[in-house]
Amino acid sequence: MTPLFELLQSSIVQTVALGAAILGVVSGVLGCFAVLRRQSLVGDTLSHAALPGVCLGFIIAGTRDLGWILTGAFISGALAALTVMLIIRRTRLKTDAALGVVLSVYFAVGIVMLTWLQGQAGAAQAGLSTFLFGQAAAILRGDLWLMGGITLAALGLVASLWKEFKLVAFDPDYARAQGFPVVALEAALTVMVAVAIVVGLQLVGVILMVAMLIAPAAAARQWVRSLGGMVVLAAVFGVIAGVGGALVSASARGLATGPVVVLIASAIMLISIVFAPRRGLLRRWFDTRIQRRNLAARRVLASVHGLAQAHDDPDYKAEAGMLDTLHGASTAGALAQLEREGLVRPVTHAPETSPHWQLTDAGHARARQQQARDDGEGKA
């Protein structure tokens with residue numbers, strides 16, 4: 001393993017890390033809208049559909065000119081997006097079917113073109129096949145200016161149409177009722193996904209690019225509630241994955257940068273899904289357990305109160321074994337919780353030696369409140 005300080009002195013590592021950071025920002029921001037619109041598969045479709053454009057750009061330029069290749073990839077991706085929208089609106093096919101058809105056709109065309117080009121003189125040396133999985137080492141300083149310019153243009157468009165994009169992402173029907181051009185806005189958002197794919201072609205390739213679009217945004221969604229916070233956090237996660245992947249791949253021989261970047265992004269998403277404080281699986285499991293415990297305590301409280309009413313004795317002593325039989329399970333945990341809350345207290349009931357429980361005044365009051373609320377909900 002190469003020390004981090006030595007890695008950062010390398011101009012190649014600096015270039016790759018900066019390119020990965022640019023990709024992390026644009027994919028994180030634009031991926032948020034794809035996730036919120038439930039169009040995660042759009043990124044997969046458009047990334048695969050960019051391959052014919054890569055080949056077309058090479059044919060037009062006659063060489064591996066990044067500007068032409070990215071332009072071709074953008075045009076191909078945008079056409080694929082419009083094709084999906086046309087199929088959905090003009091046929092009876094559902095969105096998933098349209099995405100599957102477009103992905104298969106465009107990617108097949110791209111593979112055929114790539115195979116044909118690799119048989120031509122000079123094309124094999126151009127390294128077009130690296131656009132399938134990415135080749136970070138091929139990024140040049142000049143490429144960063146192009147990637148940065150595309151990213152700034154995309155972020156500028158998002159900033160200028162922030163309110164419109166936000167409304168379309170959360171409630172397109174309301175936006176349509178307010179007179180917003182929803183179709184145009186949705187088309188713009190979809191084309192913007194193609195922009196992010198264009199930026200990431202050299203780094204992670206057309207096949208893995210969908211992970212960079214979805215993983216940071218999905219991870220950020222677990223931590224925040226507002227769109228603004230989600231966009232910022234997704235960009236941060238994207239930068240962490242991009243720069244981290246660049247450094248890890250540079251420190252160990254034989255590790256491709258693109259897959260490492262995707263693995264780090266996926267790890268961030270997995271950690272977020274499990275440990276996020278509001279939406280994480282661990283928090284949900286904990287909340288569910290508390291709810292079940294509270295529900296069990298409420299049921300036991302109602303049972304003790306009901307027995308007291310049935311015997312016309314507010315100081316009625318309920319036997320623990322009877323409560324277990326009544327509920328078909330042990331009520332020890334529920335009774336312990338009610339005791340901590342000051343709603344019941346353990347008592348003796350001579351000559352019996354088994355545990356008995358009695359409602360406190362607070363317990364009677366809580367049980368009556370529960371009963372009134374349940375009756376009100378039943379009438380409603």
Subject >> the stretch 84-94 - phi-based ³J(HN,Hα) in whole Hz, Karplus 6.51/-1.76/1.60, Gly and Pro as x >> reply: 4, 4, 5, 5, 5, 7, 9, 10, 8, 6, 7
**OP:** Multiply the residue separation of Ala329 and Gln369 by 0.36 nm, subtract the distance between their alpha-carbon atoms, and state the gained length in nm to one decimal.
**Re:** 11.9 nm
Original post:
Quick one: Met113, Met85, Met209, fewest Cβ neighbours within 10 Å first, how do they rank?
Top reply: Met85, Met113, Met209
Subject >> Dipole magnitude of the stretch 4-207, debye to nearest 20 (Cβ charges: Lys/Arg +1, Asp/Glu -1, about Cα centre) >> reply: 460 debye
Original post:
If one computes P(r) from the Cα atoms of the stretch 255-373, what percent of pairs lie at distances over 18 Å?
Top reply: 61 percent
**OP:** May I ask which residue of Thr257, Ala310, Val236 lies farthest towards the positive end of the charge dipole of the stretch 198-339, with charges of +1 (Lys, Arg) and -1 (Asp, Glu) on Cβ and the Cα centre as origin?
**Re:** Thr257
Original post:
Ranked by Cβ crowding within 10 angstrom, fewest neighbours first, how are Leu132, Leu201, Leu301 ordered?
Top reply: Leu132, Leu301, Leu201
Original post:
Counting other C-beta atoms within 10 Å, which of Asp374, Asp324 has the fewest, and how do the rest follow?
Top reply: Asp374, Asp324
Subject >> FRET E, pair Ser354, Gln291, Förster distance 30 Å, beta-carbon r, rounded to 0.05 >> reply: 0.50
Original post:
What is the magnitude of the charge dipole of the chain about its Cα centre, with +1 placed on the Cβ of each Lys and Arg, -1 on the Cβ of each Asp and Glu, and no other charges, expressed in debye to the nearest 20?
Top reply: 540 debye
Original post:
Considering only the other residues whose Cβ falls under 10 Å of the Cβ of Leu338, what net charge follows from Lys and Arg at +1 and Asp and Glu at -1?
Top reply: +2
**OP:** Work out how much length Leu146 to Glu319 would gain on full extension: take 0.36 nm times their residue separation and subtract the Cα-Cα distance, in nm to one decimal.
**Re:** 54.5 nm
Original post:
Hey, got the dipole for the stretch 283-379? About the Cα centre, +1 on K and R Cβ, -1 on D and E Cβ, debye to the nearest 20?
Top reply: 680 debye
**OP:** Could you run the Debye sum over the Cα atoms of the stretch 4-207, one equal point scatterer each and no solvent, and tell me log10 of I(q)/I(0) at q = 0.09, 0.10, 0.15, 0.16 Å⁻¹, two decimals?
**Re:** -0.36, -0.45, -0.93, -1.03
Subject >> Positive-end residue of Ala365, Thr83, Ala194, charge dipole of the chain with Cβ unit charges >> reply: Thr83
Subject >> Extension gain (nm, one decimal) between Leu270 and Ala177, 0.36 nm per residue minus Cα-Cα >> reply: 29.7 nm
Original post:
To the nearest 10 degrees, how steeply does helix 361-379 sit against the main Cα axis of the chain, on a 0 to 90 scale?
Top reply: 60 degrees
Original post:
Comparing Val112, Val195, Val261, which has the greatest mean-square fluctuation in the GNM of the chain with Cα pairs linked when under 10 Å apart?
Top reply: Val112
**OP:** Kindly rank 283-296, 264-277 from highest to lowest mean number of other beta carbons found within 10 Å of each residue.
**Re:** 264-277, 283-296
Original post:
How big, in percent, is the set of alpha carbon pairs in the chain lying more than 40 Å apart?
Top reply: 38 percent
**OP:** For Arg298 paired with Ile12, estimate the spin-label separation in nm (one decimal), with each label point 7 Å from Cα along the Cα-to-Cβ line.
**Re:** 6.4 nm
Original post:
Of Leu185, Leu326, Leu70, which is the most mobile in a GNM of the chain whose springs link Cα atoms less than 10 angstrom apart?
Top reply: Leu326
**OP:** Rounded to the nearest 500, what is the 222 nm mean residue ellipticity of the chain from helices alone, with -39500 (n - 2.57) per DSSP H run of 4+ residues and division by all residues?
**Re:** -26000 deg cm²/dmol
**OP:** May I ask you to order 97-107, 33-43, 307-317 by the average number of other C-beta atoms within 10 Å around their residues, highest value first?
**Re:** 33-43, 97-107, 307-317
**OP:** Arrange the peptides 156-167, 211-222 so that the one whose residues have, on average, the most other Cβ atoms within 10 Å appears first.
**Re:** 211-222, 156-167
Subject >> Inter-site label distance for Val101 and Trp162 at 7 Å from Cα along Cβ, in nm >> reply: 3.9 nm
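Bear in mind these aren't lab numbers, they're just calculated from the coordinates by the rules spelled out. None of these values were measured; they are calculated from a predicted model. We place every Cβ from the backbone using ideal geometry, glycine too, and count neighbours over all the protein chains shown.
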